[in-house]
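Following: one structure in structure tokens, then a few remarks.
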Amino acid sequence: MSDEHDEHHGHHDDHDQAYEPTSPWWLSGTPLEAEHHRLMRRRSVPIPWAESTAAVLAPAERARLAGTWMRRAAAEYLAVSTFSVLAIDLVAAMAPADVLSLCLRAGIDEVRHAEMCLRMAAIYGEAGAPPPMPPPGMSSLPDEPGRNKLHQALANTMLVSCVSETYATTVLHATRELTTDPAALAVLTSIYSDEVMHARLGWSYMRHAIDVGGEGVLAAAAAMLPRALRGVANVVERERPIGEVTEAVRAHGLMTPAEERLVFASCVHEVLIPGFEALGIAVGDAAEPYGDAWAHAA
Ligand SMILES: [Fe+2]
Ligand SMILES: [Fe+2]
């Protein structure tokens, strides 16, 4: 075994020693748990849970944060099914092996994200309350059975990976800038580093799909673009949990809805549209709904 491999083993040992189950109440209670921990440990970074400063917050601030981390847990849980459905589309479109493995691994990452968000919801939740569980739900990606398989895979890759995950990286990056609580910062950083790869997966697959499918794929992508932007804008526009976003709340990893609109609008204009244009996709007036009026409407 080479030195390089030994070094990698060294890193894994460090991770092994630091690993602790994140949300043990959300496990099966069967021997599968050991295998789950092995899987989660592979990519975990230690989170300093004990350094959380949640205890100093006012009850209303804690409730606001518990509500937001619970929504995040629900979104991460939904993303598990999103990548599962995307994997089916990619298999049907005969996507290359690296795209398939990274898509399936993204689903596993989302399980870990959901676990971390649940634990955060528990940290901010009321003492003695039952441990939080993700609410039931499953993603419903657009599915048109008659459609060309390559176009179907490409349309859902645009929505799930290029638009949704790229926006996630920009909003997580901006949120991290405000965050000083050590546990919240570590969780956001861990999620952020995975979402960067989830976005790269989509942009790389787009490049490949365009190489394989040419003009037809470019036309399908142009037709999908407004729907993909609208899909994520719907999430940004959604009502938030009740409670004021105080300075203390911000330090625990939370921006205001108004700030999130600004982040989405600049993501559309400065990252997504230039990215799709660089791939040769006709973007038309897809960015038009997300101008100044939309950005300042909250
Ligand atoms: Fe995630
Ligand atoms: Fe993700």
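For the reader, a short list of remarks on this structure follows.
- Candidates Thr68, Thr82, filtered to the one that is within 16 Å of the chain's Cα centre (by Cα), more than 16 Å from ligand 2 (Cβ to nearest atom) and surrounded by 15 or more Cβ atoms within 10 Å (Cβ to Cβ): Thr68
- The condition of being open to solvent by 50 Å² or more (accessible area, probe 1.4 Å), part of a helix (DSSP H, G or I) and polar (S, T, N, Q) holds for only one of Ser190, Ser164, Ser140, Ser204, that being Ser204.
- Elements of type helices (runs of 4 or more DSSP H) in the range 230-298, at least 1 residues being touching a strand residue (DSSP E or B) at 6+ places or on another chain (Cβ under 8 Å), touching a residue at least 40 places away in the same chain (Cβ under 8 Å) and within 30 Å of Ala121 (Cβ to Cβ): none
- Flag for Glu51 being in contact (Cβ under 8 Å) with a residue 24 or more places away in the chain, closer than 28 Å to Met255 by Cβ, out of contact with any Cys (no Cβ under 7 Å at 6 or more places or on another chain) and away from ligand 1 (no atom under 13 Å from the Cβ): yes
- Residue check for Arg261: farther than 23 Å from Asp89 by Cα and among the basic types (Lys, Arg): yes
The values are calculated or read from the model by the stated rules, or taken from the named source; none is laboratory data. All of these numbers come straight from a predicted model, not from anything done at the bench. Counting neighbours? That spans all protein chains shown, and the Cβs are built from the backbone with ideal geometry, glycine included. Keep in mind that these areas ignore ligands, DNA and RNA; they rest on the heavy atoms of the full protein, side chains included. Shrake-Rupley method; radii C 1.70, N 1.55, O 1.52, S 1.80 Å.
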